[in-house]
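Q: I have a structure here, written as structure tokens, and I will follow up with some questions on it.
The values are calculated or read from the model by the stated rules, or taken from the named source; none is laboratory data. Worth saying up front: this structure is predicted, and the values here are computed from it rather than measured. Glycine also receives a Cβ, built like all others from the backbone with ideal geometry; neighbour counts cover every protein chain displayed.
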Amino acid sequence: MMTEIRQVYFCTVCKHVVEVVYEGAATLVCCDKPMVRLESGTVDASKEKHVPVMEASAKGIKVKVGSAPHPMEEKHYIKFVEVMTDSKVCRAELKPGMVPEAEFCMGIADVKEVREYCNVHGLWKA
């Protein structure tokens, strides 16, 4: 049986981001170079806040990126917010100009991990 791993990799050349769901090849390669495995940050000491904040909402849960809104500019923005439970992964894709938050139809008690990806500062989780 294959084990689910949910690792995120980044290409330092073209900036592509790849999520690996199940363990496979030893090395991911993009642009003829090994991709970098991203580790999720959990403590944010920078001016921009990156650690996801989850709260109850009318639809289920709302995930905001940081305790202060994260910039959503062309050169610096949140690419996605992802919520993981025991049985599913839900993702909201974001773009510059959008509000750095997303709502998901699930209960807070079901959530195992919440993470987001900033195109400048990488992967963050709560």
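Q: For segment 68-84, which residues satisfy the criterion of being in contact with a strand residue (DSSP E or B) (Cβ under 6 Å, 6 or more places away or on another chain), hydrophobic (A, V, I, L, M, F, W, C) and free of Cβ contacts under 8 Å to residues at least 60 places away in the same chain?
A: ILE78, PHE80, VAL81, VAL83, listed by residue number.
Q: Give the residue that is surrounded by the fewest Cβ atoms within 10 Å (Cβ to Cβ), with candidates limited to residues of segment 85-117 that are of a type in the set (Gly, Ala, Ser) and in contact with a strand residue (DSSP E or B) (Cβ under 6 Å, 6 or more places away or on another chain).
A: ALA92
Q: Is segment 54-62 home to any residue that is modelled with pLDDT of 95 or more, out of contact with any Leu (no Cβ under 6 Å at 6 or more places or on another chain), part of a strand (DSSP E or B) and surrounded by 14 or more Cβ atoms within 10 Å (Cβ to Cβ)?
A: Yes - at least one qualifying residue is present in segment 54-62.
Q: Next question. Residues that are assigned to a loop (DSSP other than H, G, I, E, B), aliphatic (A, V, I, L, M) and modelled with pLDDT under 90: does segment 30-40 have at least one? Can you show your working first?
A: Going through segment 30-40, the residues assigned to a loop (DSSP other than H, G, I, E, B) turn out to be 31-32, 35, 39-40.
Of the ones still in play, those that are also aliphatic (A, V, I, L, M) are 35.
Next, only the ones that are modelled with pLDDT under 90 stay: none.
Looking for residues that are assigned to a loop (DSSP other than H, G, I, E, B), aliphatic (A, V, I, L, M) and modelled with pLDDT under 90, one finds none in segment 30-40, hence no.
Q: Within segment 65-73, does at least one residue satisfy the condition of being within 17 Å of VAL8 (Cβ to Cβ), at pLDDT 90 or above and assigned to a strand (DSSP E or B)?
A: yes
Q: If SER87 satisfies all but one of (1) part of a loop (DSSP other than H, G, I, E, B); (2) touching a residue at least 60 places away in the same chain (Cβ under 8 Å); (3) hydroxyl-bearing (Ser, Thr, Tyr), what's the number of the condition it fails?
A: Every condition holds for SER87 apart from (2).
Q: With respect to VAL20, determine if the residue is surrounded by 12 or more Cβ atoms within 10 Å (Cβ to Cβ), closer than 20 Å to TRP124 by Cβ and modelled with pLDDT of 90 or more.
A: no
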